[in-house]
């Protein structure tokens, strides 16, 4: 476990150093800044899960935020695909619809005698 902790700590330190370098680069090159509106979320996990997640993201050379963002994007895209499939199924069931087959206004309101 100490080897994993040491590896994770080393990767975190490298990431922090790279972050400092990128910040100073952005300060020197203000035209290259890219800002995107992001929403913050808070997630509560137990200590073991947190430590394992930190190790996993250090091994993947990414951040926990990036990993969660990728997961949520994947989750949202699956939901979009599901809704598109559902819409196609519904549209295929009503393929025989014709606007000329509609009721007259009098029939619709029960006014015909």
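The values are calculated or read from the model by the stated rules, or taken from the named source; none is laboratory data. What you see is a predicted model; the values in this text were computed from it and never measured. A quick note on method: Cβ atoms are made from the backbone with ideal geometry, for glycine too, and the neighbour counts reach across all protein chains shown.
Taking the condition in a loop (DSSP other than H, G, I, E, B) and either surrounded by 10 or more Cβ atoms within 10 Å (Cβ to Cβ) or at negative phi (or both), does residue 68 pass? If you could, list the steps in order and put the result at the bottom.
Numbers: in a loop (DSSP other than H, G, I, E, B): no; either surrounded by 10 or more Cβ atoms within 10 Å (Cβ to Cβ) or at negative phi (or both): yes.
Criteria not met by residue 68.
Look at region 72-89: where a residue is within 25 Å of residue 38 (Cα to Cα), no partner that is surrounded by 10 or more Cβ atoms within 10 Å (Cβ to Cβ) and at pLDDT 85 or above sits 6+ places away or on another chain with Cβ atoms under 8 Å. The residue pairs whose first member lies in region 93-113 and is surrounded by 10 or more Cβ atoms within 10 Å (Cβ to Cβ), whose second member is at pLDDT 70 or above, and whose beta carbons are closer than 7 Å, counting only pairs six or more residues apart or on different chains, are 112/106.
Mind telling me which of the residues 26, 13, 32 ends up being surrounded by 10 or more Cβ atoms within 10 Å (Cβ to Cβ) and modelled with pLDDT under 60? Spell out how you get there, then give the answer.
Working: 13 fails: modelled with pLDDT under 60; 32 fails: surrounded by 10 or more Cβ atoms within 10 Å (Cβ to Cβ).
Answer to the check: 26.
Every condition in (1) modelled with pLDDT of 90 or more; (2) not in a helix (DSSP H, G or I) is met by residue 49 except one, and the failing one is (2).
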